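The values are calculated or read from the model by the stated rules, or taken from the named source; none is laboratory data. Since this is a predicted model, take the numbers as computed values, not measurements. Quick reminder, even Gly has a Cβ in these numbers, built from the backbone with ideal geometry, and neighbours come from all protein chains shown.
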Amino acid sequence: MIRLAVVGLGKMGLSHYAIIATHPLVKIQAICDSTGYVLDVLKKYTGVATYSDFDAMLREVDLDAVIIATPSSMHAGMVRAALQKNLHVFCEKPFCLDTEEGRELADLANSKALVNQVGYHNRFVGAFGEVKRLLDLGAIGKVTHILAEAYGPVVLKTKGTTWRTQRHTGGGCLYDYGAHPLDLVNWYFGSPHGVGGSVLNSVFSKDTDDEVFTTLYYEDGKSAQLSVNWSDESVRKMTTKINIWGTQGRIYADRQECRTYLRDTAQFPPNYHQGWNVRYTTELTEPVWFYLRGEEYSAQLDYFVRCIAENRAADNVNSFKSAVVTDNIMSLIIADATTRASRPGEVIPEVPSKKRGFFFPSRKTAQ
């Protein structure tokens, strides 16, 4: 059995706890949170050991792995402490608000051959996985443009600040919402070499952005636009969408379906034909042992557990290393929106800066 602790018992932490506690290969050894009421309730009804001190838990409990679902600004320190104890780590997204620190942690995890994973659950959604498969097959030819979107009703009025709506602790709309479509674009196409036209607008929040718009530029000439807004009450819950145009067709995907249009000159994958093809997530998704919120949440934790059980530290869909790519692009967007330093098609050299808890690119651009 894999001995595991869950750290941070907010919305995502409680969700992860409910799922992982039912896994046949896992035994929950401890939970850790700063809220005494939550700890008291869980201890009363589950009997699990409770801690409000993360370091004390690491000292006193024999563990193989931890799930970290604390506010974003706390990730780096807790991940480092867990890795130094030789524990496998699943960390909620975004990984680190400081990109250089994220790189150091990725290197540390790899040097110790520890399983490391970040909670970008969309990579386990059947429809988004089908997009990856079709792109790898070259189904729509050479990709020319991408539109990545995410909208939701999170901040709908001016109100008191929480850790999520403060840039130095949560990262705002960009890090909380924008990270998801950005991570999908990175999964499909790798890292861009520049960003431009970035806008970080505040709609209701006083300390951070509520909507994000930017363009990513790639070496082969394709571009990707990001449009994100967490103050959009026209949608009931978070909605992530991807549109991809290519020389032989187009792909559209959201959580429910993957729709692909293929020209008559395209190379048709098996069971695809000219015109529109629709594949639903229900037919693309493998069943999971426990369902809560969506199969993808169970699937990602099962993948983490299986990698530990089968000693597959190098085989990781959502590794720290891949999450750092997403973190770095978000830092580029912040720098572009703040300084207007980047220009389309130019490479932005990186320099570390921890002045505000982020990793900022240089104000100068390379020719």
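Go over the candidates Ser223, Ser231, Ser202 one by one and state the one that is polar (S, T, N, Q), in the same structural domain as His145 (by TED's automatic domain parsing) and within 29 Å of Arg293 (Cα to Cα). First the steps, then the outcome.
Numbers: Ser223 fails: within 29 Å of Arg293 (Cα to Cα); Ser202 fails: within 29 Å of Arg293 (Cα to Cα).
Ser231 is the lone residue from the list that is polar (S, T, N, Q), in the same structural domain as His145 (by TED's automatic domain parsing) and within 29 Å of Arg293 (Cα to Cα).
Residue under question is Ala81, and the condition is that it be out of contact with any strand residue (DSSP E or B) (no Cβ under 9 Å at 6 or more places or on another chain), surrounded by fewer than 24 Cβ atoms within 10 Å (Cβ to Cβ) and over 23 Å from Ala299 (Cβ atoms); does it hold?
Values: out of contact with any strand residue (DSSP E or B) (no Cβ under 9 Å at 6 or more places or on another chain): yes; surrounded by fewer than 24 Cβ atoms within 10 Å (Cβ to Cβ): yes; over 23 Å from Ala299 (Cβ atoms): yes.
So Ala81 fits the description; yes.
Which condition from (1) surrounded by fewer than 24 Cβ atoms within 10 Å (Cβ to Cβ); (2) closer than 26 Å to Tyr297 by Cβ; (3) not aromatic (Phe, Trp, Tyr) is the one that Glu101 breaks?
(2)
Of the conditions (1) more than 18 Å from Ala309 (Cα to Cα); (2) among the acidic types (Asp, Glu); (3) touching a residue at least 24 places away in the same chain (Cβ under 8 Å), Asp62 clears all except one; give me its number.
Tallying (1) more than 18 Å from Ala309 (Cα to Cα); (2) among the acidic types (Asp, Glu); (3) touching a residue at least 24 places away in the same chain (Cβ under 8 Å), Asp62 fails exactly one: (1).
Looking only at segment 84-120, count every residue that is in contact (Cβ under 8 Å) with a residue 24 or more places away in the chain, polar (S, T, N, Q) and within 17 Å of Asn311 (Cα to Cα) and tell me the total.
Result for segment 84-120: 4.
Can you tell me which of Asp40, Asp62 is surrounded by fewer than 16 Cβ atoms within 10 Å (Cβ to Cβ), more than 22 Å from Leu292 (Cα to Cα) and in contact with a strand residue (DSSP E or B) (Cβ under 7 Å, 6 or more places away or on another chain)?
Asp62
Looking only at helices (runs of 4 or more DSSP H) that lie completely in segment 73-159, which have at least 3 residues being not assigned by TED's automatic domain parsing to the domain that holds Asp220?
Details: elements: 75-84, 99-111, 126-136.
By residue number, 75-84, 99-111.
Does Val325 satisfy being aliphatic (A, V, I, L, M) and part of a helix (DSSP H, G or I)?
Numbers: aliphatic (A, V, I, L, M): yes; part of a helix (DSSP H, G or I): yes.
In short, yes.
Restricting to segment 119-158, and then to whatever is of a type in the set (A, V, I, L, M, F, W, C) and modelled with pLDDT under 95, can you tell me which residue is surrounded by the fewest Cβ atoms within 10 Å (Cβ to Cβ)?
Here is the first cut: in segment 119-158, the ones of a type in the set (A, V, I, L, M, F, W, C) are 124-125, 127-128, 131, 134-135, 137, 139-140, 143, 146-148, 150, 154-156.
Of the ones still in play, those that are also modelled with pLDDT under 95 are 154-156.
On the way: Val154: 20, Val155: 25, Leu156: 14.
Among those residues, the one meeting the criterion is Leu156.
In segment 275-297, is there at least one residue being assigned by TED's automatic domain parsing to the domain that holds Phe189, under 17 Å from Leu137 (Cα atoms) and part of a loop (DSSP other than H, G, I, E, B)?
No; the residues of segment 275-297 include none that is assigned by TED's automatic domain parsing to the domain that holds Phe189, under 17 Å from Leu137 (Cα atoms) and part of a loop (DSSP other than H, G, I, E, B).
Looking at (1) in a helix (DSSP H, G or I); (2) modelled with pLDDT under 95, find the lone condition where Asp209 falls short.
Of the numbered conditions (1) in a helix (DSSP H, G or I); (2) modelled with pLDDT under 95, the odd one out for Asp209 is (1).
From the list Arg236, Arg255, Arg250, pick out the single residue that is basic (Lys, Arg) and assigned to a strand (DSSP E or B).
Just a single option satisfies the conditions, and that option is Arg250.
One residue is enough: does segment 178-196 have a residue meeting the conditions of a type in the set (Ser, Thr, Tyr), modelled with pLDDT under 95 and crowded, with 23+ Cβ neighbours inside 10 Å? Spell out the reasoning first.
Step one: of segment 178-196, the residues of a type in the set (Ser, Thr, Tyr) are 188, 191.
Still in the list and also modelled with pLDDT under 95: 191.
Within this subset, residues satisfying the condition of being crowded, with 23+ Cβ neighbours inside 10 Å are none.
No, because not a single residue in segment 178-196 is of a type in the set (Ser, Thr, Tyr), modelled with pLDDT under 95 and crowded, with 23+ Cβ neighbours inside 10 Å.
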